[in-house]
Every structure is written in structure tokens, then in C-alpha cells.
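Okay, so here's the structure we're looking at.
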Amino acid sequence: MESTYIYIIIACLVIWFIEHKVNLSTSHKALIEDGDNVIINPTMLSRCYGFSSKVVAKSNITKIQLANNCVSLFTESNNAIDIWLPKKYCSNVAERAEKYFKNASLVKV
């Protein structure tokens, strides 16, 4: 039982180290422009390893919502894609999202 707690603590420390020291959460990895589409990497792991990325047409995003440590992109069908980041990077990602999704309105919560 004690070894389980040690593994959990080690896993948390490794994730913290990757998130804060390796800087995988920068805005240039969260949104990647690809012609008429944008590749969205919503989590730290997707920014690092590239899995669970989402591809969205630029014309499909209607609203950008900036919250505490999350930038949400809303599609025409009102589905949301949440991009989780440290607070210091959220405004940069929101600015890039405004640049890529010209038809979308920015809402700050």
C-alpha cells in the first residue's frame, strides 16, 4: 500500500516537472495553423506527443472563451473544445485563436 502512494507521488512530480520546467504548454504548440484548418492540442500530453489532437476548420469556430486556465473554442453546433494551459499562457492562446478564427467573438469569463 505504501508503494502505491510513492508511485502516485512520483507520477505527480514527473507531470509537474514536465508542465513547468520543460515548457510543453506554450501557445505555439496549442494551436497550429494548417491552411484552412487549425490543429488543436488541448492537453499537455497532446502538445508533447501529438495524440488526441483535433483538426477544426477555421470557419467552424464561432466563439472563443477565455477563462482562468482554459481557452474554450465553440463550434457552429455549439460543441466546445477546451484547451487547458497554465494561466500565464491563456491570453497568448486566445490572441492566436482570434488571429486564426476571424469570425469568432472573444468572451472573457
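Each reported figure results from applying straightforward, stated rules to the coordinates on display, with no laboratory input. None of these values were measured; they are calculated from a predicted model. Don't worry about glycine lacking a Cβ; one is built from the backbone with ideal geometry, like all the others, and counts go over all protein chains shown.
Comparing 11, 67, 80 in a Gaussian network model of the chain where C-alpha atoms under 10 Å apart are linked, the largest mean-square fluctuation is found at 11.
Which of the GluC sites (Glu not before Pro) across the stretch 46-109 are loop residues per DSSP, with 14 or fewer other Cβ within 10 Å?
Here the GluC sites (Glu not before Pro) that fit, given the DSSP loop and packing criteria, are 76.
Our estimate of slack between residue 17 and residue 57, defined as 0.36 nm per intervening residue step minus the Cα-Cα distance, is 11.1 nm. Give the shape of the chain as rounded, prolate or oblate, defined through the alpha-carbon gyration tensor: a ≥ b ≥ c are the square roots of its eigenvalues, a/c under 1.5 means rounded, and otherwise the shape is prolate if a/b is larger than b/c and oblate if not. The shape class here is prolate. Grab the DSSP H runs of the chain that are 4 residues or longer, score each as -39,500 (n - 2.57), total them, divide by all residues and round the 222 nm result to the nearest 500 deg cm²/dmol. One gets -12000 deg cm²/dmol as the mean residue ellipticity at 222 nm.
Taking a straight line from the alpha carbon of residue 108, these aspartates and glutamates sit under 20 Å away, with near neighbours fewer than eight places off in the same chain left out: 76, 82, 95, 98.
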